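A short write-up of the structure that comes next.
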Amino acid sequence: MTREDLLATQTRIAPYIHRTPVLTSRLLDEQAGAIFFFKCENFQRMGAFKMRGAVNAILQLSDAQKAKGVVTHSSGNFAQALALAAQSIGVKAYIVMPENAPQVKKDAVVGYGGTIIECASTPAAREEMAAQVEKETGAYFIHPSNDLEVILGQGTAALELLEDYPDLDFIFSPVGGGGLIGGTALAAHYFGQDCEVVGGEPFGADDAYRSLQSGQIESNETTSTIADGLRTQLGDINFPIIQKHVEKIIRVEEEEIIAAMRLVWERLKIVIEPSSAVAFAALLKNKQDYAGKKVGILLSGGNVDLTKLPF
């Protein structure tokens with residue numbers, strides 16, 4: 001993966017995505033003693049950064065592959081992203097979703113023209129059902145995070161941020177399946193000026209933190225976190241990128257995630273989901289280490305159930 005790959009990806013997906021705004025807050029800067037630049041992917045189409053990777057992955061398929069459609073398994077944002085990306089490009093999308101996925105997310109997938117196939121709510125059941133759909137329909141399987149074209153697409157968020165603010169000292173990203181932080185790490189490596197990437201992860205799903213410690217991909221024993229978008233684990237394509245280019249991962253408690261989420265709602269006046277708040281929570285937890293620094297923070301999405309707010 002080269003600098004040119006990221007630039008080509010940015011050009012390719014531009015007609016299908018929003019270039020999202022960057023917000024600042026003097027009050028938050030004063031509170032933490034750093035200078036913040038919030039990249040608002042909650043304003044992306046379908047409400048999250050995942051639209052970028054979904055579009056890029058589909059656009060890279062051959063005409064023959066596009067004609068047979070695409071399939072993925074996801075309970076949330078990537079389900080919506082692939083459905084909308086496929087609809088925008090004129091491709092059929094099959095979305096395998098666990099039967100207990102929130103109805104609001106199922107409704108969104110249907111609204112974006114996706115065909116839902118339900119399965120039991122285990123990772124194994126998801127993979128088996130996706131493989132079955134792939135076999136029966138000939139649809140091309142696109143993984144939500146462990147796919148090179150998806151990773152490159154997600155990296156364009158940090159690329160845009162660095163184009164606007166090239167002298168950032170750090171970029172903080174939430175860590176779930178590893179697609180966003182992997183792409184962010186590549187963007188910082190190629191386009192930053194000694195810009196380090198730091199991950200934020202919940203204690204309740206800290207597989208990436210443990211993977212960096214052990215040097216191999218670890219699994220989550222539990223996924224008990226309010227940050228529902230971060231309950232997935234790293235893959236063999238994004239993990240080597242993270243090992244090579246991510247400075248460290250900071251783990252945060254549930255109360256710290258909720259406090260950071262509330263702070264963004266109150267100060268920036270925008271809606272973000274709990275997974276989005278994890279990167280900011282990680283910085284606030286260690287704010288003394290970033291005093292006086294210019295810090296980009298990826299607000300990954302805003303698809304939150306307003307009937308179940310944690311504050």
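Put a dot 7 Å past each Cα toward the Cβ at residue 104 and residue 253; how far apart are the dots in nm?
Roughly 2.7 nm, to one decimal.
For region 59-160, rounded, prolate or oblate, judged on the Cα gyration tensor with a ≥ b ≥ c (square roots of eigenvalues), a/c < 1.5 rounded, else prolate if a/b > b/c? Provide the component values of the computation, followed by the final result.
On the way: a/c = 1.45, a/b = 1.21, b/c = 1.19.
Rounded.
For region 31-122, with all protein chains present and a 1.4 Å probe, just round the carbon and sulfur fraction of the accessible area to a whole percent.
For region 31-122, the apolar C and S fraction of the accessible surface comes to 50 percent.
If the cut-off is 16 Å between C-alpha atoms, which lysines fall inside it for residue 248, apart from same-chain ones fewer than 8 positions away?
List returned: 285, 287.
Can you tell me the Rg and the Dmax, both Å, for the Cα atoms in region 1-129?
Looking at region 1-129, its Cα Rg and Dmax stand at 17.3, 55 Å.
Is region 186-302 rounded, prolate or oblate when judged by the Cα gyration tensor, a ≥ b ≥ c being the square roots of its eigenvalues, rounded requiring a/c under 1.5 and prolate requiring a/b larger than b/c?
oblate
Could you list which residues have their amide H under 5 Å from that of residue 196, counting only those 5 or more apart in sequence or on another chain, with H placed in the peptide plane?
For residue 196, the qualifying residues are 170, 171.
Ignoring ligands, DNA and RNA, what accessible area per residue does the chain give at 1.4 Å, in Å²?
40
Antiparallel versus total DSSP beta bridges in the chain: what percent is that, nearest 5?
Approximately 10 percent, going by the DSSP bridge assignments.
Tell me, in nm to one decimal, what length is gained between residue 125 and residue 203 on full extension, where the rule is 0.36 nm per residue of separation less the Cα-Cα distance?
Taking residue 125 through residue 203 to full extension adds about 25.5 nm, to one decimal.
Probe radius 1.4 Å, ligands and nucleic acids ignored: give me the carbon and sulfur share of the accessible area of region 144-248 as a rounded percent.
Solvent-exposed carbon and sulfur of region 144-248 make up 43 percent of the total.
Which percent of the Cα-Cα distances in the chain go past 32 Å? Mind showing how you got there, number by number?
Details: 9612 of 48205 pairs.
Every Cα pair in the chain considered, those over 32 Å come to 20 percent.
For region 131-266, just say rounded, prolate or oblate: build the C-alpha gyration tensor, square-root its eigenvalues into a ≥ b ≥ c, call rounded for a/c under 1.5, and beyond that prolate if a/b exceeds b/c, oblate if not.
Judged from the Cα gyration tensor, region 131-266 comes out oblate (a/c at least 1.5, b/c at or above a/b).
Picking from 176, 111, 155, which is most flexible by a Gaussian network model of the chain using Cα springs under 10 Å?
Highest fluctuation among the options: 111.
How large is the helix-only mean residue ellipticity at 222 nm for the chain, computed as the sum of -39500 (n - 2.57) over DSSP H runs with n ≥ 4, divided by its residue count, in deg cm²/dmol to the nearest 500?
Rounded to the nearest 500, the figure is -14000 deg cm²/dmol.
Given R₀ = 45 Å, what would the calculated FRET efficiency be for residue 30 paired with residue 67, taking r from the Cβ atoms and rounding to 0.05?
0.20
The values are calculated or read from the model by the stated rules, or taken from the named source; none is laboratory data. The shown structure was predicted, so the numbers you read here are calculated from the model rather than taken from an experiment. With ideal geometry, Cβ positions are generated from the backbone for all residues, glycine too; neighbour counts draw on all protein chains shown. Surface areas here come from the heavy atoms of the whole protein model, side chains and all, with no ligands, DNA or RNA. Shrake-Rupley method; radii C 1.70, N 1.55, O 1.52, S 1.80 Å.
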